[in-house]
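Q: Got a structure here, written out as structure tokens. Questions coming.
The values are calculated or read from the model by the stated rules, or taken from the named source; none is laboratory data. Please read these numbers as outputs of a predicted model, since none were measured by experiment. Note that we place each Cβ from the backbone using ideal geometry, even for glycine, and neighbour counts take in every protein chain shown.
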Amino acid sequence: MLKKTENQISDLKVVGTRPVRPDGVPKVTGQARYGADYSLPGMLWGKILRSPHAHARIRSIDTSAARALPGVKAVMVGSDMPEQSFSYIGPDRVQVNYWHMTRNVMAREKALFDGHPVAAVAATTAAIAEQALKLIKVDYEVLPHVIDVDDAMKEDAPLLFDNMITRGVSPEPTKPSNVSRRSEFKAGDLEAGFALADEVVEMSFTTEPVHQGYIETHGTLARYGADGQCEIWSSSQGHFMVRAYTAKLLGMNISDLLVHPAEIGGGFGGKTVVYLEPVAALLSKKTGLPVKLVMSREDVFRATGPTSGSSMTVKMGVTKDGKIVAADGTFKLQAGAFPGSPVMNAAMCAFSVYEIENARAVGYDVVCNRPKAVAYRAPGSPIAAFAVESVVDELARRIGMDPLALRLKNAVKAGSPTIWGPKHGYDGFIETIEALMAHPAYKIPLGKNQGRGVASGFWFNGGGESAVTVHVSEDGSIAIASGSMDVGGSRASMALMAAETLGVPYDSVRSTVSDTASIGYNHVTGGSRVTFATGMAVVQACEKIVDDMRARAAMIWDVPLEAVSWQEGAAHLTDAALGEKAPLSLKDIAAKRAVTGGPIVAEVALNAGGQAPGFSTQFCDVEVDPETGAVKILRYVAAQDVGRAIHPSYVEGQIQGGVVQGIGWALNETYVYNDKGQLENTGFLDYRVPVASDLPMIEALIVEVPNPNHPFGVKGVGEVNIVPVMAAVANALRGATGVRQHALPMSPPVVLAALDAQAEEVVGA
């Protein structure tokens, strides 16, 4: 369903169509090249030795036997990398600490999680490299470990860092703890707000860390030359990010490092960091030969960042007529072995879809003996939404109000305040609620053991730095070069916006991703920023091309520039007094470039602001088997404000993909650690993600409330779709069983246990 709006541009010819994706054929034929597909002559194979302990002091590492093995060309440990200063750099939400980062890449003083890298080798074959790992002797002092976030916050919890003092607390604590930071956002008067409430609900919740589920494992190839120049081929969500982090960790000048983008087989936030690239580059420097490193699936699960697990308490109050008058939330998120969970995002997003005069959100960033948490679609927001939207559902039940009507009554709009300070600048949330209320499936009666759940979500969306070049060839075809990795269809979106702006057919435009030496800096692909920010740069570059074309046409016709207009891909003479001239097409002008000024090229670099947030409201119908606790998704409808759908098929795919990932998070996905802190489900056979047979067709409702700050009204689409899902499923389960689930995943054994407990209570009564 495509919801039209009053301010929607109605005369678009290319934007909004559904052409074949440009990367489709290479990917389905196997021609696309991912990180592990690159090789070079003389290449060595790298392998990494990983800690078998969740927490252990490294007394010593003896690599002599490995170095002596024939075929081994180099061995490295953490101390081979330059030491980094200890400081937090950047805005609070996305701070970087290179002292932590270098130890995440390779352990030094301690191994802090099962799978933590402690050494690496480069050898002539992968088999020899594996053999060499077995010869490295590490003397560990095994220490007590802590996995759970609540356990990590206890007074007697094992400390990951003996000197970690909680930031954001005044006065500053005198004792170290595992709490890296406390954050608080507050508005109004909580006590006064709750005094106005007719119904108050307070509940606690937990969620488990979950894997992003990308299919391609991490892989990289590095070649370090004798001249100090280094090249890297890598799959990532930002090759400029790879360049910056690798250069910093190895003490290189950024100009000495060239990073080539590769196709990416999924990321969802999980490929916004570096794991292998600095190791491969340093091994290559040591050997003078190219070095390739590829993670196994087990490596990915043991040693790369999932999203955070959490422990949360949310209290909200509502009047009889459905006005939410107060909200208070405490959000404790696992950071993994090093600080940096998305807890600030969780606290800021938690209540952001509702106008609540009195609200507070407190967040705790807590380290524990797991791999460092990294981003996963709208990082932090889905976790908070599970708790908040579950409470909102319970409030609706208490006052006997339709859950969509309750959300509509309290929905934010442009001008509504936020808990973190600024007012909302954009509409779009109300429209998602209305889209569901009007959907015929929302009125379908439910049967026995069936329930319907509703939930809403918010995500900031991103802007940021992008650079593009647009070039017109002599045959009139268009080449776009950007530095933004294509994760969700941005090459097609760039081509569509360019074709629309220039007035040319879509199939005359080719969009590519260039290496770090061929284009200006582009921020990482994440936060739903690329179609907005890089798309804005493409449009501006194409507008420069149009101005150039007009000027060249004026030169060819020998008329003033103001007498030339650009319409439907051609220059037109608009002043009849100057005579009659047949329109000059883009191809006509391009053919004469040599005599009108030379190459036709436009470059734009910008730091895009004015991004609009994403809103989504969704409902889910489930059926629960009372004998097994198995949950069947009967139907799922997701309404999302996308600003304007540049390529509707890609947009629908993004919405459907986010929903499916959220269903897995809700029902099955979890990391299983034994009592030694070792991960036991290190592959997709034991880590249960949804498959096609688990799911109905996910219906995506595309709601379009254009962003006035973008030439085509773009808002990001890749993040907010996952935010409401877990709560929607949980609320549906509440309706089907009468039991509120407070912990994820809601797997069949968990659901069955809740049903059994409910039955025992009935018998006891």
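Q: Please go through (1) more than 30 Å from ILE430 (Cα to Cα); (2) in contact with a helix residue (DSSP H, G or I) (Cβ under 6 Å, 6 or more places away or on another chain); (3) assigned to a loop (DSSP other than H, G, I, E, B) for ALA571 and return the number of the only condition it doesn't satisfy.
A: (3)
Q: Kindly indicate which of GLU719, GLU704 is within 30 Å of HIS116 (Cβ to Cβ), surrounded by 15 or more Cβ atoms within 10 Å (Cβ to Cβ), of a type in the set (D, E, K, R) and under 25 Å from the mean Cα position of the chain (by Cα).
A: Unique residue meeting the criteria: GLU719.
Q: Which residue out of GLU465, GLU434, GLU474 is assigned to a helix (DSSP H, G or I) and not basic (Lys, Arg)?
A: Answer to the check: GLU434.
Q: Sticking with this one: Determine whether the stretch 390-407 contains at least one residue that is assigned by TED's automatic domain parsing to the domain that holds CYS349, in a strand (DSSP E or B), modelled with pLDDT of 95 or more and in contact with an Asp or Glu (Cβ under 8 Å, 6 or more places away or on another chain).
A: No: zero hits.
Q: Of the residues that make up the stretch 554-563, is at least one crowded, with 23+ Cβ neighbours inside 10 Å, at pLDDT 95 or above, not in a loop (DSSP other than H, G, I, E, B) and not assigned by TED's automatic domain parsing to the domain that holds GLU652?
A: No.
Q: Based on this model, can you work out whether VAL300 counts as in a helix (DSSP H, G or I) and touching a Leu at 6+ places or on another chain (Cβ under 9 Å)?
A: no
Q: Can you pull out the strands (runs of 3 or more DSSP E) entirely within the stretch 586-663 that have at least 3 residues that are more than 28 Å from VAL15 (Cα to Cα) and not charged (D, E, K, R)?
A: 614-624, 631-641
Q: Out of the stretch 122-141, which residues are among the hydrophobic types (A, V, I, L, M, F, W, C) and either in a strand (DSSP E or B) or touching a helix residue (DSSP H, G or I) at 6+ places or on another chain (Cβ under 9 Å) (or both)?
A: Within the stretch 122-141, ALA122, ALA123, ALA132, LEU133, LEU135, ILE136, VAL138 meet the criteria.
Q: Output the residues belonging to the stretch 264-278 that are over 10 Å from the mean Cα position of the chain (by Cα) and of a type in the set (Phe, Trp, Tyr).
A: The answer is TYR275, and nothing else.
Q: Of everything in the stretch 122-162, what is in contact with an Asp or Glu (Cβ under 7 Å, 6 or more places away or on another chain) and either of a type in the set (S, T, N, Q) or not assigned by TED's automatic domain parsing to the domain that holds GLU109 (or both)? Give them in sequence order.
A: If the condition is that a residue be in contact with an Asp or Glu (Cβ under 7 Å, 6 or more places away or on another chain) and either of a type in the set (S, T, N, Q) or not assigned by TED's automatic domain parsing to the domain that holds GLU109 (or both), then ALA157 is the only one that fits.
Q: Which residue, of ALA119, ALA107, is part of a loop (DSSP other than H, G, I, E, B) and either crowded, with 22+ Cβ neighbours inside 10 Å or of a type in the set (Val, Ile, Thr) (or both)?
A: So the residue among ALA119, ALA107 that is part of a loop (DSSP other than H, G, I, E, B) and either crowded, with 22+ Cβ neighbours inside 10 Å or of a type in the set (Val, Ile, Thr) (or both) is ALA107.
Q: What's the total number of residues in the stretch 573-601 that are over 16 Å from LEU561 (Cα atoms), among the β-branched types (Val, Ile, Thr) and touching a strand residue (DSSP E or B) at 6+ places or on another chain (Cβ under 9 Å)?
A: Number of matching residues: 2.
Residues checked against (1) within 22 Å of the chain's Cα centre (by Cα); (2) of a type in the set (A, V, I, L, M); (3) crowded, with 24+ Cβ neighbours inside 10 Å:
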{"site": "TRP233", "(1), (2), (3)": "yes, no, yes"}
{"site": "PHE240", "(1), (2), (3)": "yes, no, yes"}
{"site": "ALA262", "(1), (2), (3)": "yes, yes, yes"}
{"site": "ARG302", "(1), (2), (3)": "yes, no, no"}
{"site": "SER308", "(1), (2), (3)": "yes, no, yes"}
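Q: Continuing with the same structure: Which one is nearest to the chain's Cα centre (by Cα) among residues in the stretch 574-585 that are assigned to a helix (DSSP H, G or I) and loosely packed, with under 13 Cβ neighbours inside 10 Å?
A: ALA576
Q: Which of the residues that make up the stretch 70-95 are crowded, with 16+ Cβ neighbours inside 10 Å and under 17 Å from GLY251 (Cα atoms)?
A: MET76, VAL77, GLY78, ASP80, MET81, GLN84
Q: Give me the pairs: first residue in the stretch 685-697 and closer than 14 Å to GLN656 by Cα, second residue part of a helix (DSSP H, G or I), beta-carbon distance under 6 Å, and six or more apart or on different chains, which are they?
A: Sorted first by the residue in the stretch 685-697, then by its partner, the pairs are PRO690/VAL660; PRO690/ILE663; PRO690/GLY664.
Q: Name the pairs whose Cβ atoms lie under 6 Å apart, with the first residue in the stretch 439-453 and in the same structural domain as TYR636 (by TED's automatic domain parsing), the second β-branched (Val, Ile, Thr) and surrounded by 14 or more Cβ atoms within 10 Å (Cβ to Cβ), and 6 or more positions between them or separate chains?
A: Close Cβ pairs satisfying both conditions: HIS439/VAL637; ALA441/VAL637; ASN449/VAL624; GLY451/VAL622.
Q: Further question on the same structure: Just checking, which of VAL642, VAL622, VAL595, VAL601 is without any contact (Cβ under 8 Å) to a residue 24 or more places away in the chain and either aliphatic (A, V, I, L, M) or outside the structural domain of TYR521 (by TED's automatic domain parsing) (or both)?
A: Of VAL642, VAL622, VAL595, VAL601, the one residue that is without any contact (Cβ under 8 Å) to a residue 24 or more places away in the chain and either aliphatic (A, V, I, L, M) or outside the structural domain of TYR521 (by TED's automatic domain parsing) (or both) is VAL595.
Q: Among PHE268, PHE240, which is under 30 Å from MET726 (Cβ atoms) and aromatic (Phe, Trp, Tyr)?
A: Going through PHE268, PHE240 in turn, the sole match is PHE268.
Q: When the residues of the stretch 342-359 are narrowed to those that are polar (S, T, N, Q) and outside any helix (DSSP H, G or I), which ends up nearest to GLY188 (Cα to Cα)?
A: My answer is ASN358.
Q: Tell me, please, whether a residue that is under 19 Å from ASP393 (Cα atoms), modelled with pLDDT of 95 or more and under 22 Å from the mean Cα position of the chain (by Cα) can be found in the stretch 751-763.
A: The answer is no, given that none of the residues of the stretch 751-763 is under 19 Å from ASP393 (Cα atoms), modelled with pLDDT of 95 or more and under 22 Å from the mean Cα position of the chain (by Cα).
Q: Tell me, yes or no, whether the stretch 454-464 has at least one residue that is loosely packed, with under 14 Cβ neighbours inside 10 Å and touching a strand residue (DSSP E or B) at 6+ places or on another chain (Cβ under 9 Å).
A: So far as the stretch 454-464 goes, no, none of its residues is loosely packed, with under 14 Cβ neighbours inside 10 Å and touching a strand residue (DSSP E or B) at 6+ places or on another chain (Cβ under 9 Å).
Okay, residues lined up against (1) acidic (Asp, Glu); (2) farther than 25 Å from ARG377 by Cβ:
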site: ARG452; (1), (2): no, no
site: TRP459; (1), (2): no, no
site: ASP475; (1), (2): yes, yes
site: ALA481; (1), (2): no, yes
site: SER493; (1), (2): no, no
site: ARG510; (1), (2): no, yes
site: SER514; (1), (2): no, yes
site: GLY520; (1), (2): no, yes
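Q: Need the failing condition index for VAL201 against (1) in contact (Cβ under 8 Å) with a residue 24 or more places away in the chain; (2) outside the structural domain of ASN358 (by TED's automatic domain parsing), just the number.
A: Unmet for VAL201, out of (1) in contact (Cβ under 8 Å) with a residue 24 or more places away in the chain; (2) outside the structural domain of ASN358 (by TED's automatic domain parsing): (2).
Q: Collect the residues in the stretch 37-71 that are over 29 Å from LEU679 (Cα atoms), of a type in the set (A, V, I, L, M, F, W, C) and in a loop (DSSP other than H, G, I, E, B), keeping them in residue-number order.
A: LEU40, MET43, LEU69
Q: Among the residues of the stretch 72-104, how many are over 30 Å from ALA123 (Cα atoms) and in a strand (DSSP E or B)?
A: So the count comes out to 2.
Residue-by-condition table, conditions (1) buried (at least 23 other Cβ atoms within 10 Å of the Cβ); (2) more than 26 Å from the chain's Cα centre (by Cα):
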| residue | (1), (2) |
| --- | --- |
| ASP114 | yes, no |
| THR125 | no, yes |
| ALA129 | yes, yes |
| LYS134 | no, yes |
| ASP139 | no, yes |
| HIS145 | yes, yes |
| MET153 | no, yes |
